[in-house]
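Working notes, structure below.
Readers should treat all values here as calculations from the given coordinates under stated rules, not as data from a laboratory. Note that the coordinates shown come from a computational prediction; the quantities given were computed from them, not determined experimentally. Note that each Cβ is placed from the backbone with ideal geometry, even for glycine, and that neighbours are counted across all protein chains shown.
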Amino acid sequence: MEAQPKPILAVSDVRRDYGGLKAVDGASFSAMQGRITGLIGPNGAGKSTLIGIIGGQIKPNAGSITFDGRDITGLAPHKIAGRGMVRTFQLSAEFTKLTVLENLLVAAPDQKGESLLGAELSRLYWGRNEAANVDAARDVLDRFEMTPKEDELAGNLSGGQKRLLEIMRALMTKPTMLLLDEPFAGVNPTLARQIEQYLLDLRDEGLSMIMVEHELAVVERLCEPVVVMAQGKVISEGSMRDVSARKEVLDAYLVG
Ligand SMILES: Nc1ncnc2c1ncn2[C@@H]1O[C@H](COP(=O)(O)OP(=O)(O)O)[C@@H](O)[C@H]1O
Ligand SMILES: [Mg+2]
């Protein structure tokens with residue numbers, strides 16, 4: 001028998017309005033330790049807004065978020081990251097001008113690399129933690145078979161390799177939970193399958209994840225359980241197999 005999964009994240013009655021629009025309208029769900037929780041639903045359902053609220057980038061109007069036994073509602077993203085929960089981000093223009101290795105080094109927690117200034121400084125001054133960070137970065141590169149790209153400018157990577165680099169950057173902080181918003185968007189099918197396997201390996205090592213993904217076949221392969229949102233609300237939860245058969249879910253996707 002499989003051990004009973006432990007909840008690691010609890011989202012409780014979270015709300016976020018934009019003017020009169022209820023982007024997230026009283027959403028509640030739990031994510032389990034060592035699982036990839038899928039967050040699905042039609043366009044505009046509120047998935048990205050909810051991911052932003054969990055990661056601290058967007059402030060909720062109401063509701064609470066508990067992570068690893070502690071209330072993190074409204075904390076700044078770096079505080080939440082410090083507690084082990086990290087959201088992946090598309091590489092900003094500044095970071096495309098750094099090499100792959102530099103991107104990993106500035107993502108390491110001891111670097112003052114939040115800004116480009118930090119990145120430039122870290123290039124000039126090899127700090128005390130540099131050697132350890134380089135080792136950690138090389139381990140990550142090796143694991144994702146990106147060692148040959150170490151000195152490549154991030155801007156020269158393929159779309160899929162950039163998405164992979166986003167995940168690698170997040171892993172440099174040694175998170176316990178990753179928030180992934182459409183990690184396969186713009187990734188060719190071969191690399192997407194490879195990234196799927198990497199995510200499954202990370203999960204099997206105990207990393208918890210929440211993943212927004214529109215490709216339901218991918219969700220079925222990776223995610224258990226699945227949380228379905230529509231119009232800002234959680235309308236269903238369960239295995240992909242179960243939720244995909246439910247009338248409210250089919251209706252939500254038909255209405256769009
Ligand atoms: N910053 C914003 N300002 C105004 N409306 C927003 C903003 N962010 C999201 N919305 C609206 O909130 C709703 C939910 O958006 P979003 O969370 O991006 O949905 P999803 O990721 O499920 O497609 C949509 O109607 C969207 O237009
Ligand atoms: Mg979205």
Report task. Excluding residues fewer than 8 places away in the same chain, name every one of the lysines whose C-alpha is closer than 21 Å to that of Lys22. Result -> Lys47, Lys59, Lys233
**Report entry** Low-density loop positions, trypsin sites (Lys or Arg not before Pro), region 180-256 - DSSP coil, at most 10 other Cβ in 10 Å
**Finding:** none
Query raised in the report: For the chain, the longest stretch holding no GluC sites (Glu not before Pro) located in a DSSP loop with at most 12 other Cβ atoms within 10 Å is which?
Result: 3-113
Query raised in the report: Which part of region 1-33 falls in the paramagnetic zone of Asn61, meaning amide N under 16 Å from the point 7 Å along Cα-to-beta-carbon?
Result: 13-28
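Can you say what percent of the DSSP beta bridges in region 7-255, counting only those with both residues inside, are antiparallel? Round to 5.
Bridges in region 7-255 are about 60 percent antiparallel.
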Query raised in the report: Sequence-distant or interchain residues sharing an amide H contact under 5 Å with Asn188, placed H: which?
Result: Gly160
Query - region 7-255: proportion of alpha-carbon pairs further apart than 27 angstrom, % - result: 37 percent
**Report entry** Inter-probe distance in nm under a simple model that places probes 7 Å from Cα toward Cβ, at Thr96 and Ser12
**Finding:** 4.3 nm
Query raised in the report: Taking only DSSP H segments of four or more residues, each worth -39500 (n - 2.57), what value at 222 nm results for the chain once the sum is divided by all its residues, to the nearest 500 deg cm²/dmol?
Result: -11000 deg cm²/dmol
Query raised in the report: Stretch Leu153-Glu220 to full length: gain in nm at 0.36 nm per residue minus the Cα-Cα span?
Result: 20.7 nm
**Report entry** Among beta bridges that DSSP assigns inside region 178-255, antiparallel share in %, nearest 5
**Finding:** 55 percent
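Taking a ≥ b ≥ c as the square roots of the eigenvalues of the Cα gyration tensor of region 182-230, is the shape rounded (a/c under 1.5), prolate (a/b larger than b/c) or oblate?
Details: a/c = 1.98, a/b = 1.05, b/c = 1.89.
In terms of gyration-tensor shape, oblate.
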Query raised in the report: In degrees between 0 and 90, to the nearest 10, how far off the longest principal axis of the chain does helix 189-204 point, with axes built from Cα atoms?
Result: 80 degrees
**Report entry** Computed label-point distance, nm, for sites Asp71 and Ala132 using a 7 Å Cα→Cβ extension
**Finding:** 3.3 nm
Query raised in the report: If one takes the longest principal axis of the Cα atoms in the chain, at what angle in degrees, from 0 to 90 and to the nearest 10, does the Cα axis of helix 159-171 lie?
Result: 90 degrees
**Report entry** Straight-distance crosslink candidates among lysines, where the alpha carbon sits under 21 Å from Lys149 and sequence neighbours closer than 8 are dropped
**Finding:** Lys97, Lys162
